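Have a look at the structure below before the remarks.
The values are calculated or read from the model by the stated rules, or taken from the named source; none is laboratory data. These figures come from a predicted structure and were not determined experimentally. All Cβ positions, glycine included, derive from the backbone under ideal geometry; neighbour counts span all protein chains shown. Just the protein is used for accessible areas: all its heavy atoms, side chains included, with ligands, DNA and RNA removed. Shrake-Rupley method; radii C 1.70, N 1.55, O 1.52, S 1.80 Å.
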Amino acid sequence: MHDSSSAASLQEPGTARARVTALLRTPLTRRAWAEAAYCLIALPLGLAGGVLLAVLLALGAGLTVSLVGAVVGVLVLVGCVRLARGLGALHRGLAAGLLGERVPGPVPPRPGSGVFGRLDARLRDGAGWRATAYVLVKLPVSALGMYAVLWWLTGLINLTAPLRWGVFGQDAGSGDVGGMPVLTPIPVGSLEVRTFAGTFAALALGLALLLLAPWATRLVVEADRRLLRALLGPGQLADRVRDLEETRALAVDDSVALLRRVERDLHDGAQVRLVAVAMSLDMIKERLGEPDDGSRGDGRSPASAGGEPGPEGAGATTPALDLARVRQLVDVAHHNATEALTELRDLARGIHPPVLDDGLPDALATLAARSTLPVELATDMPRRPTPAIETIAYFCAAELLTNVIKHSGAGQATISVAEETEGGVGVLRLRVTDDGRGGATVGAGSGLTGLTQRVRTVDGRLRVHSPEGGPTAVTVELPLHA
């Protein structure tokens with residue numbers, strides 16, 4: 001206990017020193033300057049676009065409610081929606097170039113039939129109206145962004161106070177001559193220095209402002225990021241449709257891969273063994289001979305049994321039956337038939353494990369009992385999910401347990417499955433943990449990528465927490481009904 005506390009006390013100063021160093025380096029990072037540049041460049045675009053769109057919207061709305069200019073007003077409103085879409089594309093491009101925030105563009109508006117149909121489709125363009133809301137909200141956000149940039153400017157200007165004093169000779173002489181002004185982004189009255197030594201106080205203030213400036217711009221940028229994702233990206237319905245299309249494609253690919261695996265296993269496994277069984281039986285049949293070929297059950301021909309030789313002469317004899325060879329062929333046929341039955345049974349179990357007929361808890365208990373690693377099982381399932389959900393949960397548990405045995409180097413694993421409520425909806429939460437070396441990530445060849453795709457087909461989620469050194473915890477969340 002003393003050693004661990006001493007190690008912790010030794011690590012804490014190093015961690016604090018690293019945090020202070022990171023804080024001091026923040027104004028020098030590329031991210032800080034990119035965010036400041038984004039706020040600076042977005043200002044004219046946000047002000048010009050917002051003011052223009054606000055004027056056009058007011059004009060279009062005013063004409064629309066009038067009887068004389070209703071048609072012109074509708075055309076102006078349609079033009080506003082199209083302009084907002086264009087401005088939204090510019091903002092998305094600026095965010096992608098400077099912030100690395102790549103927001104997918106919304107789906108294009110649906111085409112209408114005829115003049116009035118096209119106008120109606122444009123007026124019902126939800127993505128266009130969301131872009132309009134973003135451009136209008138961008139007005140105050142741009143102003144806040146410029147205020148955040150002001151922290152950078154005042155900090156840089158104050159940083160040069162000693163140099164400006166020496167170059168321009170700004171000295172506080174006698175009389176009413178003032179000193180050098182000190183700039184601040186916060187209105188606190190007029191500040192000035194009257195001595196050269198006082199310029200170093202302005203320099204210290206400039207350093208403090210530069211340390212705070214990145215966090216001011218970051219706060220504005222984070223708010224803008226949220227607005228970008230919410231208003232300039234696809235809507236919730238479009239996201240849902242795209243997600244359903246992706247999961248449908250995954251389900252189709254998974255079913256095709258399953259059929260191919262079944263065909264390959266049948267062709268390369270059971271089919272080959274059954275062919276070998278048929279060949280062995282043919283060879284046994286040849287060894288036994290036909291019923292009317294004159295052979296005897298004791299393996300000797302009539303001539304060898306003491307009878308007279310046939311009309312063909314003494315040289316015409318029937319070959320003796322090799323019982324040892326026949327037994328060997330029967331053993332081979334029996335072995336191939338047994339192996340074929342085993343492979344067919346494993347293949348059927350891979351499609352739908354029979355242990356699931358009694359429910360998921362019993363199936364997981366069987367899986368844990370068959371494991372070569374000690375597995376602790378905890379189940380709490382008051383309601384039984386649909387068969388598809390049970391199958392996915394079982395295969396996820398089996399794959400995760402296989403990963404633990406093969407890759408983690410763990411000495412023990414734990415499987416827990418429970419029904420929980422999330423947002424008023426029942427959720428099956430499967431959790432597999434181990435005390436191994438950790439470092440498991442999705443896409444690292446551990447099978448987690450395939451599991452992620454499998455659970456997505458039913459709107460499930462897979463989360464991995466596996467720091468280096470362990471422990472590893474993989475959580476699978478599935479709906480109770482597919």
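Here are the numbers for this structure:
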quantity	calculated
Matching option when the condition is touching an Asp or Glu at 6+ places or on another chain (Cβ under 9 Å), closer than 18 Å to Leu231 by Cα and at pLDDT 85 or above, among Ala96, Ala42, Ala54	Ala42
Residues satisfying the stated conditions in segment 465-474, i.e. under 18 Å from the mean Cα position of the chain (by Cα) and either in a loop (DSSP other than H, G, I, E, B) or surrounded by fewer than 16 Cβ atoms within 10 Å (Cβ to Cβ) (or both)	His465, Ser466, Pro467
Count of segment 20-30 residues which are part of a helix (DSSP H, G or I) and in contact with a Pro (Cβ under 8 Å, 6 or more places away or on another chain)	2
Residues of segment 421-464 classified as free of Cβ contacts under 8 Å to residues at least 60 places away in the same chain, open to solvent by 70 Å² or more (accessible area, probe 1.4 Å) and of a type in the set (D, E, K, R), total	6
Selection status of Val55, touching a residue at least 12 places away in the same chain (Cβ under 8 Å), open to solvent by 30 Å² or more (accessible area, probe 1.4 Å), part of a helix (DSSP H, G or I) and not polar (S, T, N, Q)	no
Filtered residues of segment 79-106 (kept if closer than 13 Å to Ala127 by Cα and in contact (Cβ under 8 Å) with a residue 40 or more places away in the chain)	Cys80, Val81, Arg82, Ala84, Arg85, Leu87, Gly88, Pro104, Gly105, Pro106
Condition check for Leu281: open to solvent by 50 Å² or more (accessible area, probe 1.4 Å), at pLDDT 75 or above and outside the structural domain of Pro108 (by the TED database)	yes
Conditions (1) in contact with a Leu (Cβ under 7 Å, 6 or more places away or on another chain); (2) crowded, with 20+ Cβ neighbours inside 10 Å; (3) modelled with pLDDT under 90: number failed by Pro106	(1)
Odd one out for Pro479 among (1) more than 25 Å from Thr372 (Cα to Cα); (2) open to solvent by 50 Å² or more (accessible area, probe 1.4 Å)	(2)
Among the candidates Ala161, Ala201, Ala172, residue that is farther than 30 Å from Val137 by Cα, open to solvent by 40 Å² or more (accessible area, probe 1.4 Å) and either at pLDDT 90 or above or over 45 Å from the mean Cα position of the chain (by Cα) (or both)	Ala201
In segment 68-103, the residues that are part of a helix (DSSP H, G or I) and farther than 22 Å from Leu43 by Cβ	Ala70, Val71, Val72, Gly73, Val74, Leu75, Val76, Leu77, Val78, Gly79, Val81, Arg82
Candidates Ala397, Ala369, Ala340, filtered to the one that is of a type in the set (Gly, Ala, Ser) and closer than 30 Å to Met283 by Cα	Ala340
Output for segment 99-127, where each listed residue is within 24 Å of the chain's Cα centre (by Cα) and of a type in the set (A, V, I, L, M, F, W, C)	Leu99, Val103, Val107
Qualifying residue in segment 217-224 (condition: open to solvent by 60 Å² or more (accessible area, probe 1.4 Å) and at pLDDT 85 or above)	yes
Meets criteria (at pLDDT 85 or above and over 16 Å from Thr475 (Cα atoms)) for Thr402	no
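Rundown of residues vs (1) among the polar types (S, T, N, Q); (2) outside any strand (DSSP E or B); (3) touching a Gly at 6+ places or on another chain (Cβ under 6 Å), yes/no style:
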residue	(1), (2), (3)
Glu390	no, yes, no
Cys396	no, yes, no
Thr402	yes, yes, no
His407	no, yes, no
Ala410	no, yes, yes
Thr414	yes, no, no
Thr421	yes, no, no
Arg429	no, no, no
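Listed here are the residues, each with its yes/no results for (1) basic (Lys, Arg); (2) in contact with a strand residue (DSSP E or B) (Cβ under 8 Å, 6 or more places away or on another chain).
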{"residue": "Thr386", "(1), (2)": "no, no"}
{"residue": "Cys396", "(1), (2)": "no, yes"}
{"residue": "Lys406", "(1), (2)": "yes, no"}
{"residue": "Ala410", "(1), (2)": "no, yes"}
{"residue": "Ala413", "(1), (2)": "no, yes"}
{"residue": "Ala418", "(1), (2)": "no, yes"}
{"residue": "Arg437", "(1), (2)": "yes, no"}
{"residue": "Thr441", "(1), (2)": "no, yes"}
{"residue": "Thr452", "(1), (2)": "no, yes"}
